[in-house]
Amino acid sequence: MEFNSDLEGHAEGEEPLHFYYNHEERIRNAPKIVQDFYAKNGKIFTKGIFRSLVATKLNRIMLLMVAFCAIIVFFVHMFGNNPAIRVCSDFECELNAFAYDDKVYASVKIHPLKKLREAGAKISGEAGGLFEFEDKDGAVLSKKEASCKLGENAVFLRTSAEDYDIIKVSAEVKIGQESVVLFTKAIKRE
């Protein structure tokens, strides 16, 4: 067989096949859904993300449900239970920890609740705390104790430890006969 300008796909000596494409005839013989598509009849989809999200009643309901769930997650995250703040014997205890210059500093702020201050009772006593500095595996690298006298204003239990990859600090605060355990992450500061 010679490779020249002749078209292949037919036997030698025969005329090549010709295909004629008539668009209107094909559409006329096509199914109804195809005819509607080309005639732009029927349901035409809207363009754009927001328009498609509110195009039908079901889409609007789904969009509202997603927005409602997002709002609930936001409020639970913002106003949920914080493991670094607890109340112990009518005193609010708040644990903070940060790493700076090869040390981790931890402090517990203890202040009387508003109802205790308004009662006008004399506030006295002592608060003690046991701090545990933990690494990423949860192993306790260091334990420190601190104590302070309670008063009308806020007081602090403070301590520090060498930074051996400490990422978490826990403190058990004891005021009177009651105790609470606080947890927080050590924030890196430059």
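The values are calculated or read from the model by the stated rules, or taken from the named source; none is laboratory data. In this text, all values refer to a predicted model and were calculated from it rather than measured experimentally. Note that each Cβ is placed from the backbone with ideal geometry, even for glycine, and that neighbours are counted across all protein chains shown. We work out accessible area using only protein heavy atoms, side chains counted, and drop any ligands, DNA or RNA first. Shrake-Rupley method; radii C 1.70, N 1.55, O 1.52, S 1.80 Å.
Just a few scattered comments:
- Within the range 107-124, residues that are closer than 12 Å to ASP90 by Cα reach partners that are open to solvent by 40 Å² or more (accessible area, probe 1.4 Å) and of a type outside the set (Asp, Glu) with beta carbons closer than 6 Å, at six or more positions or on different chains, in the pairs HIS111/ALA154.
- Taken over the range 93-135, the criterion of being outside any strand (DSSP E or B) and touching a strand residue (DSSP E or B) at 6+ places or on another chain (Cβ under 8 Å) is satisfied by ASP102, LEU113, LEU116, ILE123, SER124, GLY125, ASP135.
- The set of residues from the range 80-98 being surrounded by fewer than 21 Cβ atoms within 10 Å (Cβ to Cβ) and among the aliphatic types (A, V, I, L, M) comprises ALA84, ILE85, VAL87.
- Of all residues in the range 59-77, those that are closer than 19 Å to GLY48 by Cβ have Cβ atoms under 7 Å from Cβ atoms of residues that are open to solvent by less than 90 Å² (accessible area, probe 1.4 Å) and among the hydrophobic types (A, V, I, L, M, F, W, C), 6 or more apart or on another chain, in ASN59/LEU53; ARG60/VAL54; LEU63/LEU53; LEU63/VAL54.
- Out of ASP102, ASP90, sole residue that is in contact (Cβ under 8 Å) with a residue 24 or more places away in the chain, in contact with a Pro (Cβ under 9 Å, 6 or more places away or on another chain) and not aliphatic (A, V, I, L, M): ASP90
- Out of ALA127, ALA171, ALA139, sole residue that is under 31 Å from the mean Cα position of the chain (by Cα) and open to solvent by less than 30 Å² (accessible area, probe 1.4 Å): ALA171
- Taken across the range 51-62, residues that are farther than 25 Å from THR159 by Cβ, modelled with pLDDT of 90 or more, under 23 Å from the mean Cα position of the chain (by Cα) and surrounded by 10 or more Cβ atoms within 10 Å (Cβ to Cβ) do occur, with at least one present.
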